[in-house]
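One structure is given below, encoded as structure tokens.
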Amino acid sequence: MALDKEWVITFNTSIEDTQSNKEAIYVTDETNTKIGTDVSIEEETITVTPAQNYESSHSYTLHIQESIMATSGKTIEQSISMPFTTKEVNPFSAGEWTRDVQHNGASLKITNVKDASFDFKIAAAAGGNAGLIEDTAMIKNGKATFDDGDGCTVTFSPKDNAISVETTSSCYVYGGSGVYFSGEYTKGDTSKETEPFVDMELFTSEENKTFKALVGEQYDLFKETFQLIYDEEVIDDFGGKAYSGMVRGLGGSMEGIVMNGDNGEIYAAILGTSSDGKSGILYYTTDKDYTNNIPKTIQSWRESMYIDTQLHYMNGDKEQAAYFDEEFVKQAKNGSLKDMKLGIGATKQEVIEAEGTDYEEEYYTGAKHMFYPEGYSYAYVDSNKDQAIQAVMYNIKDKGLTATDIENLLGKPDSEGENMMTGTEYVLIYEFDTGYELHVTTSTVERSSELNDLLLKPQS
């Protein structure tokens, strides 16, 4: 029987249109509870309609009491009860629904809808982890159920413009760590724009605008990265608040940190790739005193990740950022320094052909060097027959960098200390898996002094 079934009862005599007569005709449900109906009386005809549609696949009873009185003053001979059952109606329709939970979003797609079943696919995520349940649900009593036979049961309950999904605990096997499928799914795409750094009270709305302008294209990456959020201790003298964030399952590839100093300055770093190809830790700040060096708090966070990745000063000196990049590391690993035309293994004659004859030769640290006016030199052993290049050196004193700066740019060195070859310098040594090592020396034995030279040579 239809869910909006209208009963029309015709008598052989006119019925009084009174409230008592209307109350003598009613409908009860399976628990014998009266449900709302609209009753109208017009001469010999009484019409009964549900105030709201009946439930699908439910049993009801229409009651006509013997107290109903005709206009003649007579009543009917006996009460009448008429049981009826509504038909099974599929309340589900094909379409897509969305569960909008930040970093734990999910989608529900329903297809192939039939009278008693439909096909479904629930795709859910928790950070970098994902999950999927895809099968057929059976419809009964206005709900739909999927049971995999191994303890996972998914129940679908329709609501206004939404579907509520409930799952048993055994459904966890269909997803990675932190993935769940239950929740309320709303028709269409219901994702909302959020401002997590305002929500966590790190920034005011105005400060967040400054932060957004500071990091530019990376703002969305910062938002996406802060799924799991941790309160970081600020160990810098300027104080303030700091939070680090990461995506579940993507530690070491989606991590970041944001600081708001008591000095009113913003400091932030994120693992990512910029539009101009810089890949690694992208560092941003509004503090002019920290454009070419990072706060202690961010350095501590960086070391805690246990990954060796390059740091880029996105608001720092353009020349530094341009020289110390991935291309620099790539060339150093292959035995040459960026901006030099040749590297270790070339011959003196090949250097002359490539670089020209405008050089000066002199002995330095046990080898003869060909010093070119651009600030770099090629070292070879004069006694070797082919005069092959044994090392290359580049003077970087004019870049104004310190040992701390180069450590931030290239990561922690494999070793460091006073240069035992000269006794007048401090040296940081980076060893590459290609058999070469890079010596970065300072102008004095003090670590804090400006950097002087880069020396690349085979490992001892």
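The numbers here are math on the coordinates, done by the rules we state, and not lab data. A quick note: this is a predicted structure, and the numbers were derived from the prediction, not measured. Using ideal geometry, Cβ is built from the backbone for each residue, glycine included, and neighbour counts are taken over all protein chains shown.
Overall shape of the stretch 95-187 was characterised from the C-alpha gyration tensor. The equivalent ellipsoid obtained from it has semi-axes of 20, 15, 11 Å, in decreasing order. Straight-line reach from Lys296: which lysines have Cα under 24 Å away, leaving out those fewer than 8 places along the same chain? Lys296 reaches Lys212, Lys223, Lys241, Lys278, Lys288, Lys318, Lys399, Lys412.
Only lysine pairs 8 or more places apart or on separate chains count here, and in the stretch 58-195 those with Cα atoms under 27 Å apart total 27.
Computed extension length for Lys385-Ser93: 96.7 nm, one decimal, from 0.36 nm per residue of separation with the Cα-Cα distance subtracted.
Over the chain, Cα pairs under 8 Å with separation of 6+ residues give a relative contact order of 7 percent. Using the beta-carbon distance between Glu303 and Asp199 and R0 = 30 Å, what value does 1/(1 + (r/R0)^6) give for FRET efficiency, to the nearest 0.05? Taking R0 as 30 Å, the efficiency between Glu303 and Asp199 is 0.60. Taken as Cα centroids, the stretch 377-399 and the stretch 1-75 sit 106 Å apart, rounded to the nearest whole angstrom.
Straightening the chain between Ser274 and Ser14 buys 85.0 nm, computed as 0.36 nm per residue apart minus the Cα-Cα spacing. Note on Glu233 and Asp29: their simple-model spin labels are 6.0 nm apart, each label 7 Å out from Cα toward Cβ. Compared with the direct C-alpha span, the chain from Glu327 to Val101 gains 77.3 nm at full extension, assuming 0.36 nm per residue.
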